[in-house]
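Engineer: Right, I'll just put the structure down here and ask away after.
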Amino acid sequence: MAASFDLNNDGVVVIIGSGAGGGTLGNELAQKGVDVVILEAGARHEYEDFINDEWGSFAQLAWTDKRTTSGDWRVAKDFPNLPAWIVKSVGGSTTHWAGASLRFQEHEFKTLSTYGKLEGANLLDWPITLAEMEPYYAKAEAKMGVTGTNDWPRLPGNNNFKVLKAGADKLGYKECHTGNMAINSVERDDRMSCQQTGFCFQGCKWGAKWSTLYTEIPKGEATGHLEVRPNAMAIKINHDASGKVTGVVYADKDGKLQEQKARIVAVAGNSIESPRLLLNSASGKFPDGLANSSGQVGKNYMRHTTGSVYAIFDKPVHMYRGTTMAGIIRDEARHDPSRGFVGGYEFETLSLGLPFMAAFLDPGAWGRSFTTALDHYDHMAGLWIVGEDMPRAENRITLHADEKDAHGMPIADVHFDDHPNDTAMRNHAYKQATALYAAVGATRTFPTPPYPSTHNLGTNRMSEKAADGVVNKHGQAHDIKNLFVSDGSQFTTGAAENPTLTIVSLAIRQADYIAAQMSAKTI
Amino acid sequence: MVTIYDAKPGLSRRELLKRGGIGALLVISGSAVISPEHAWGLETSALKPETMATLIQMARDIYPHDQVPDKYYAIAVKGHDEQAGKDAAYKATIEDGIADLDKKSGDGGYRGLGWEDQRVGVLKQIEATPFFQAIRGGLVVSLYNQKEVWPIFGYEGESYSKGGYIARGFNDIEWL
Ligand SMILES: Cc1cc2nc3c(=O)[nH]c(=O)nc-3n(C[C@H](O)[C@H](O)[C@H](O)COP(=O)(O)OP(=O)(O)OC[C@H]3O[C@@H](n4cnc5c(N)ncnc54)[C@H](O)[C@@H]3O)c2cc1C
Ligand code: SF4
């Protein structure tokens, strides 16, 4: 039975956010007998409630509270109030996510040592190595049912994958398959296997795709140690005179302010909301916000060097049928500066339905050049570029000077400028992908600009030294012992791979650490 | 409220003929825009019906799909009439925007320009205006989010109720 804790219970761990980081940490702690309250700003929708409709699902699940943008990225012009496409709902963005689950490469934990100093980039080595992460990656893969690991078969390739594979073969790429996906290829964990419905981004109505909503959270609740409180928007973290955090002020479902007392607070609101909350918790003792003696809270915002390439063929493809992202080419993920940039990128299959294709193919475009592309929607194939982008101090989340949300909390501004390395990488990927589709007979290709960010990273970076970052190798704030960061905002650098497997692995590792520290009574 | 109905409102085919309606794309009658060829009509309540007819033409010129009937463009822009009914400033933006469009188009107005290229040339002049942006921005959702137009583009929409594509062609590509 799900637990229910008193607001004055100061023995609980309070986690903010129920997505990849928060949902996993909550379950892991509950399994160890630690009492946990998860505060989740969104409502709870179970998977039967999901909608096979792009805009309908967006309205149901997406985070649409106003944000502002600045910087030279095109998103700031086309979607000035939608810098990120992420979720406000129990389960967080693991409801929307596509399931691609890749381990980082060894050098990606050591970018400063490997790439060297790069002008305009705030590169830094992670305080952990791949070897230290490996056992946790293995646990995460087992938990999430990642295909291609633990003897689980890979998913069958859909039409979009087959086009990708044909092009990869023609170009001589060697590592191309249907990916490592946290999607059941066989029935397991009391959940069905993938039915190829093609609405992975809208929430999997079969429950085949891993989401904390119907895996971690109910498992945690079953222990009697976890309470998930939906419609609870955290606004401020309180602390005592010694600087230890003591509770979280949140707006409840009626908009009334409450305070949940806490022994430990873990922030997992994704990389825009987590720094926003820390900054908004500024006090006399911590005038620049909590955990911010380094000044790094909100900085180094990363979103991956993304972009898409769609191509039209003279014969039908029907790319939207089947698993959205089960297709990958990994050959370009290596670090090979001879290509004109450091770091690497992945190609992954991607498809949008007609409504989103119209909105995102070339935002703002109109007239026949644009509409003739959509006329051949069923003859289109598509892929997504996901590559390592450079952390930059000026790419950052700040509190808006005068605009506030419904609870009186300053809204977030997201500033982003591409680093020249990002641009060089994206252009390389556009060229390769265009060649790939041309090799299969594409009659027209579309280098499509990045969408509002689905991967949001780095704004509470992990560092060896307190002066360089916000949290240590366990996600524990350098400045405040009983304050943790448990989402992708911990990332020191972004790597070429989709982030969630690493977020989940870090959360499992962090749960071990928190439980050990609690037993040792150090926090 | 704007209603779209499939039968002509009150006008017989003979009357339409008398008004020289048949053959024209859209006919204005009272407060309605009527498509005599395709037997549907759209009644306006806040905007002038002429304005609505021009909006429909403008919508087609912004996102031209020759295989998509006017009816869907009409549905896509009818929200502007509803909005204009609630908001006088909005109504003025639309009416003034269309009046400006007509003025820039010469004697016959915007709908009087025979070639799409001519009309697009006028649209290019106003591309940066809030009026144009409001029309285009709304249209990209209201046109392409109509389930009825999806089959025209070969998009099949919802698939859960049909059991997904696992047995319905997720990997049926044959030409590779
Ligand atoms: C369309 C899409 C496709 C994706 N595909 C992939 C993929 O294939 N592979 C991959 O690795 N990643 C993918 N991602 C990214 C992945 O979803 C995220 O990396 C991951 O979910 C981030 O985890 P998180 O814990 O940081 O945040 P989230 O999962 O976003 O969870 C944060 C939660 O915190 C809540 N919250 C925020 N602020 C507050 C507050 N103040 N009070 C209370 N609650 C709050 C939010 O409502 C949200 O529920 C995709 C994302 C999207 C949107
Ligand atoms: S394609 Fe598979 S994983 Fe994606 S929504 Fe459908 S059943 Fe779920």
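Engineer: Within the range A:329-347, identify whether any single residue is within 12 Å of chain B (Cβ to nearest Cβ), assigned to a loop (DSSP other than H, G, I, E, B) and surrounded by fewer than 24 Cβ atoms within 10 Å (Cβ to Cβ), and answer yes or no.
Structural biologist: The answer is no, given that none of the residues of the range A:329-347 is within 12 Å of chain B (Cβ to nearest Cβ), assigned to a loop (DSSP other than H, G, I, E, B) and surrounded by fewer than 24 Cβ atoms within 10 Å (Cβ to Cβ).
Engineer: I'd like to know if the range A:314-322 contains one or more residues that are more than 14 Å from chain B (Cβ to nearest Cβ) and of a type in the set (Phe, Trp, Tyr).
Structural biologist: no
Engineer: Scan A:507, A:429, A:435 and give me the residue that is open to solvent by 40 Å² or more (accessible area, probe 1.4 Å) and either modelled with pLDDT under 95 or in a helix (DSSP H, G or I) (or both).
Structural biologist: Exactly one of A:507, A:429, A:435 is open to solvent by 40 Å² or more (accessible area, probe 1.4 Å) and either modelled with pLDDT under 95 or in a helix (DSSP H, G or I) (or both), namely A:435.
Engineer: When the range B:55-85 is examined, which residues are found to be part of a helix (DSSP H, G or I), of a type in the set (D, E, K, R) and within 14 Å of chain A (Cβ to nearest Cβ)?
Structural biologist: Once the filter is applied, which keeps residues that are part of a helix (DSSP H, G or I), of a type in the set (D, E, K, R) and within 14 Å of chain A (Cβ to nearest Cβ), the range B:55-85 yields B:60, B:61.
Results for (1) within 14 Å of another protein chain (Cβ to nearest Cβ); (2) over 18 Å from the mean Cα position of the chain (by Cα); (3) within 22 Å of residue A:367 (Cβ to Cβ), shown as yes or no for each residue.
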| position | (1), (2), (3) |
| --- | --- |
| B:87 | no, yes, no |
| B:123 | yes, no, yes |
| B:135 | yes, no, yes |
| B:154 | yes, yes, yes |
| B:161 | yes, yes, no |
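Engineer: Only one residue in A:231, A:300, A:238 is out of contact with any helix residue (DSSP H, G or I) (no Cβ under 6 Å at 6 or more places or on another chain) and in a strand (DSSP E or B), so which one is that?
Structural biologist: Numbers: A:231 fails: in a strand (DSSP E or B); A:300 fails: in a strand (DSSP E or B).
A:238 is the lone residue from the list that is out of contact with any helix residue (DSSP H, G or I) (no Cβ under 6 Å at 6 or more places or on another chain) and in a strand (DSSP E or B).
Engineer: Ok, one more. Which one of these does residue A:96 not meet: (1) within 23 Å of residue A:352 (Cα to Cα); (2) not in a loop (DSSP other than H, G, I, E, B)?
Structural biologist: With respect to (1) within 23 Å of residue A:352 (Cα to Cα); (2) not in a loop (DSSP other than H, G, I, E, B), residue A:96 is out only on (2).
A quick yes/no check of all residues on (1) surrounded by fewer than 19 Cβ atoms within 10 Å (Cβ to Cβ); (2) within 16 Å of ligand 1 (Cβ to nearest atom); (3) among the small types (Gly, Ala, Ser); (4) within 28 Å of residue A:268 (Cβ to Cβ):
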position	(1), (2), (3), (4)
A:165	no, no, no, no
A:169	yes, no, no, no
A:174	yes, no, no, no
A:190	yes, no, no, yes
A:193	yes, no, yes, no
A:198	no, yes, yes, no
A:202	no, yes, no, yes
A:208	no, yes, yes, yes
A:227	no, yes, no, yes
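Engineer: Taking the residues in the range A:176-188 that are within 16 Å of ligand 1 (Cβ to nearest atom) and more than 14 Å from chain B (Cβ to nearest Cβ) as candidates, determine which candidate is surrounded by the fewest Cβ atoms within 10 Å (Cβ to Cβ).
Structural biologist: The selected residue is A:177.
Engineer: Return the total of residues in the range B:140-152 being within 7 Å of chain A (Cβ to nearest Cβ) and in a loop (DSSP other than H, G, I, E, B).
Structural biologist: Of the residues in that region, 2 qualify.
Engineer: Just to be sure I understand, how many residues within the range A:245-270 are within 10 Å of ligand 1 (Cβ to nearest atom) and farther than 21 Å from residue A:472 by Cβ?
Structural biologist: 3
Engineer: Next up: Filter the range A:362-377 for residues that are at the interface with chain B (Cβ under 10 Å from one of its Cβ atoms), surrounded by fewer than 23 Cβ atoms within 10 Å (Cβ to Cβ) and on the phi < 0 side of the Ramachandran plot and give the result.
Structural biologist: Matches in the range A:362-377: A:363, A:365, A:366, A:368, A:370, A:371, A:372, A:374, A:375, A:376.
Engineer: Checking the condition within 16 Å of ligand 2 (Cβ to nearest atom) and modelled with pLDDT of 95 or more, which residue from A:68, A:95, A:111 passes? If you could, list the steps in order and put the result at the bottom.
Structural biologist: Values: A:68 fails: within 16 Å of ligand 2 (Cβ to nearest atom); A:111 fails: within 16 Å of ligand 2 (Cβ to nearest atom).
On inspection, the qualifying residue turns out to be A:95.
Engineer: Here is a list of conditions, (1) within 20 Å of residue B:46 (Cβ to Cβ); (2) within 18 Å of the chain's Cα centre (by Cα); (3) away from chain A (no Cβ under 13 Å), and residue B:113 meets all of them except one; can you say which number that is?
Structural biologist: (1)
Engineer: Follow-up. Scanning for something within 14 Å of chain B (Cβ to nearest Cβ), touching a strand residue (DSSP E or B) at 6+ places or on another chain (Cβ under 9 Å) and modelled with pLDDT of 95 or more, does the range A:287-307 turn up at least one residue?
Structural biologist: no
Engineer: Please go through the range A:44-56 and pick out each residue that is under 20 Å from the mean Cα position of the chain (by Cα), within 30 Å of residue B:143 (Cβ to Cβ) and more than 10 Å from every other protein chain (Cβ to nearest Cβ).
Structural biologist: Passing the criteria: only A:45.
The values are calculated or read from the model by the stated rules, or taken from the named source; none is laboratory data. Nothing here was measured: the structure is a model prediction, and the numbers come from that model. No Cβ is skipped: glycine too gets one built from the backbone with ideal geometry, and neighbour counts run over all protein chains shown. All accessible areas refer to the heavy atoms of the entire protein, side chains included, with ligands and DNA or RNA removed. Shrake-Rupley method; radii C 1.70, N 1.55, O 1.52, S 1.80 Å.
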